[in-house]
């Protein structure tokens with residue numbers, strides 16, 4: 001009765017897995033499969049929670065694109081909180097990359113002074129590099145009385161020369177403060193250096209009652225109305241708390257021109273990537289067939305069962321990759337295909353054990369149970385060490401931003417975890433169900449007629465062995 | 001089936017030693033291993049031209065463009081792999097001066113001479129990153145060994161001398177790692193195969209797999225220790241090896257077949273990675289049968305202690321040194 005539940009769970013999981021894995025355009029994956037219906041993808045909505053997946057998330061090496069590691073020169077921003085400076089740099093990068101129109105870019109910090117930028121599908125990398133490489137440009141603008149357009153405000157500097165008022169004169173200490181009078185409205189407070197204070201005083205005197213545009217990289221971020229003459233310190237009002245925080249970061253980033261340089265660049269053309277995907281699918285298919293043939297030839301009926309379990313394994317693992325989602329890279333796919341080879345190991349261990357138990361005279365049912373129970377400890381120990389290695393690989397990849405290695409470790413680890421389920425839970429319930437029918441009670445189907453490896457004993461020690469008695 | 005592994009252990013030791021000697025020699029000689037750009041910094045570009053371009057002409061063109069260090073390799077039809085030093089990519093300066101990046105200079109220069117060029121892939125790693133990668137690689141391999149040693153020590157805590165199980169497994173995996181490194185050192189000399197960070201992944205995977213294999217054998221030894229308490233240890237080890245041999249070979253076979261399929265049908269980009277896995281896994285299957293268990297026997301039998309005592313004893317008597 002319990003086994004029926006196990007089978008049901010397996011069947012339901014497999015069906016869910018298949019629904020997730022089924023490609024949107026089957027013809028792309030199955031030769032001649034154009035007539036098959038495509039999957040609508042996963043689209044769930046639970047209240048405000050929305051979950052949507054259209055297929056596997058492919059890494060840059062498979063879909064084409066650029067991976068950059070940028071180094072921010074922190075020596076140009078002395079005495080400041082580095083994490084804050086880096087956060088500012090990222091804000092600026094994000095805005096620029098979004099403005100550039102890259103689908104699903106990835107921008108994240110690495111360590112204390114680095115930023116990883118991944119731009120899928122970007123081919124003209126020089127343009128993108130130009131875009132992200134510039135330091136944030138903050139300036140103050142006034143409306144041209146004639147045209148009404150914003151133009152950079154100019155005032156006379158301390159040395160008598162006309163100067164544009166930019167973030168160059170900012171002290172990088174803009175922060176969010178709260179206005180005590182107006183019911184604790186958030187404001188962004190900023191401070192100029194001497195030159196900036198001199199310029200700003202002239203400008204605010206000129207612009208009282210008029211808007212003053214604050215621009216970051218040619219985009220207006222705020223246009224408050226000047227209410228008083230300000231020299232050194234000022235506040236920007238009329239922003240919500242979240243905006244104020246962003247603005248403070250942006251102001252600091254705009255004010256701190258940290259030079260950025262590229263210390264690592266990896267670009268892959270999209271055609272090369274899709275070629276790799278096709279090759280990986282072929283390699284995966286061939287591997288599966290070879291392993292299946294091997295298992296059926298070596299273990300007969302249980303081998304066939306293991307092949308079914310292996311198929312379920314592949315479907316479930318791919319489904320997890322899509323649902324998490326795990327970004328699939330070339331090395332990650334290799335890790336997955338390798339795990340197909342390794343996933344049968346648990347079955348091989350169990351089947352070998354089963355065979356031994358059969359030879360020792362156990363009944364089929366007892367041998368199956370004993371095979372699973374006795375082999376469990378080595379299956380478990382062996383997989384724990386693989387997980388340890390995966391953990392270290394992941395860490396190794398993370399330390400220097402090698403998403404390739406992280407992807408490999410993650411896919412291998414998920415594979416190992418699922419193989420424990422498929423090789424033990426699935427195979428066991430399938431085998432139990434099968435040995436329920438009488439036609440399977442033929443030892444030939446289990447390949448147990450092969451002679452038993454006997455414990456070799458030196459002649460002088462045979463006495464001892466006979467005391468133990470051969471296992472019957 | 002009833003093969004006396006233990007009796008032949010010295011032959012296996014000799015074989016294991018013989019297997020790593022050429023590789024280790026190659027490693028120790030100058031230029032032992034060819035580091036890829038991940039470790040040594042540099043740039044690798046794959047470019048495709050629309051028409052045929054002579055290798056020597058391309059080489060000269062790159063020389064003209066200020067890259068006398070360029071190494072050009074033909075890939076497939078009209079495609080070339082070009083190796084250069086790491087690009088200087090101080091982004092801000094390039095833009096402020098309105099100058100072109102090194103890559104743009106190369107692409108423009110090549111287009112001018114040979115027509116449209118397509119950059120299929122480009123990898124550029126600066127010395128800062130490369131130095132760190134070397135460091136983290138060593139750390140990762142060391143940490144994996146220690147982690148496995150500790151886990152085995154714990155997993156075998158109910159057996160007498162559990163630390164020996166861990167230590168023998170680690171000794172076997174050091175042998176496999178050396179074998180793999182040695183083979184790649186020789187391959188580097190013969191075919192210019194480089195070692196990159198994917199190679200480190202391969203090494204770690206191989207370590208994981210080899211231990212996986214060793215554990216299966218050790219696990220059976222542990223079981224037989226308890227089941228046949230009082231039996232001579234050589235019988236237990238021989239018997240355990242015989243019982244797990246088919247399984248070790250079957251699993252090894254499955255993984256090797258998978259890797260061969262990947263090598264033949266998978267992308268060219270990961271071919272060296274697959275090759276490293278293939279060599280390592282063959283070595284691992286061998287090592288778990290012939291190294292780890294034999295070492296365990298030698299240790300339990302007191303041979304390891306004797307060996308080291310003899311080793312240190314000899315040093316004390318110079319007259320016998322020759």
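The values are calculated or read from the model by the stated rules, or taken from the named source; none is laboratory data. Computed from a predicted model, the values in this text were never measured in an experiment. Cβ coordinates were reconstructed from backbone atoms using ideal geometry, including for glycine residues, and neighbour counts include every protein chain displayed.
Looking across the stretch B:241-255, the residues that are buried (at least 20 other Cβ atoms within 10 Å of the Cβ) and at the interface with chain A (Cβ under 7 Å from one of its Cβ atoms) come down to B:242, B:243, B:247, B:250, B:251, B:254, B:255. Looking at the structure I just gave you, is residue A:167 buried (at least 16 other Cβ atoms within 10 Å of the Cβ), modelled with pLDDT under 75 and under 33 Å from the mean Cα position of the chain (by Cα)? So residue A:167 fails the test. Considering the stretch B:1-72, the qualifying helices (runs of 4 or more DSSP H), each wholly inside and each with 1 or more residues that are closer than 20 Å to residue B:199 by Cα, run over B:9-28, B:37-40. Against the condition modelled with pLDDT of 80 or more, closer than 26 Å to residue A:62 by Cα and in a strand (DSSP E or B), how does residue A:118 come out, does it pass? Yes; evaluated as a whole, the condition is true for this residue.
The residue of the stretch B:152-209 that is farthest from the other protein chains (Cβ to nearest Cβ), among those that are in a loop (DSSP other than H, G, I, E, B) and in contact with a strand residue (DSSP E or B) (Cβ under 9 Å, 6 or more places away or on another chain), is B:192. Summed over the stretch A:315-341, the residues that are under 13 Å from residue A:412 (Cβ atoms) and at pLDDT below 85 give a count of 14.
Looking for something more than 10 Å from chain B (Cβ to nearest Cβ) and crowded, with 21+ Cβ neighbours inside 10 Å - is there at least one such residue anywhere in the stretch A:285-302? Yes, the stretch A:285-302 contains at least one residue that is more than 10 Å from chain B (Cβ to nearest Cβ) and crowded, with 21+ Cβ neighbours inside 10 Å. With the condition kept exactly as written, say whether any residue in the stretch A:64-78 is within 20 Å of residue A:138 (Cα to Cα), touching a helix residue (DSSP H, G or I) at 6+ places or on another chain (Cβ under 7 Å) and at pLDDT below 75. The answer is yes; a qualifying residue exists. Applying the criterion of being facing another protein chain (nearest Cβ under 7 Å) and over 10 Å from residue B:198 (Cβ atoms) to the residues of the stretch B:260-276, the residue that is surrounded by the fewest Cβ atoms within 10 Å (Cβ to Cβ) is B:265.
Yes/no matrix, rows are residues, columns are (1) buried (at least 17 other Cβ atoms within 10 Å of the Cβ); (2) within 14 Å of chain A (Cβ to nearest Cβ); (3) on the phi < 0 side of the Ramachandran plot:
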position: B:4; (1), (2), (3): no, yes, yes
position: B:8; (1), (2), (3): no, yes, yes
position: B:12; (1), (2), (3): yes, no, yes
position: B:17; (1), (2), (3): no, no, yes
position: B:22; (1), (2), (3): no, no, yes
position: B:34; (1), (2), (3): yes, no, yes
position: B:41; (1), (2), (3): yes, yes, no
position: B:53; (1), (2), (3): yes, no, yes
position: B:56; (1), (2), (3): no, no, yes
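Please work out if residue A:312 is modelled with pLDDT of 80 or more and under 18 Å from the mean Cα position of the chain (by Cα). No: the conditions fail for residue A:312.
The set of residues in the stretch B:142-151 being in contact with a helix residue (DSSP H, G or I) (Cβ under 6 Å, 6 or more places away or on another chain) and more than 8 Å from every other protein chain (Cβ to nearest Cβ) consists of B:145, B:149. Which is part of a helix (DSSP H, G or I) and closer than 23 Å to residue A:296 by Cβ, of A:320, A:384, A:340? From the options A:320, A:384, A:340, the qualifying one is A:340.
This table checks each residue for (1) modelled with pLDDT of 80 or more; (2) over 34 Å from the mean Cα position of the chain (by Cα).
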position: B:82; (1), (2): yes, no
position: B:90; (1), (2): no, yes
position: B:96; (1), (2): no, yes
position: B:108; (1), (2): yes, yes
position: B:129; (1), (2): no, no
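I'd like the residue in the stretch B:222-240 that is outside any helix (DSSP H, G or I) and facing chain A (nearest Cβ under 8 Å) and, out of all such residues, is nearest to residue A:297 (Cα to Cα). Once the filter is applied, the top-ranked residue is B:228.
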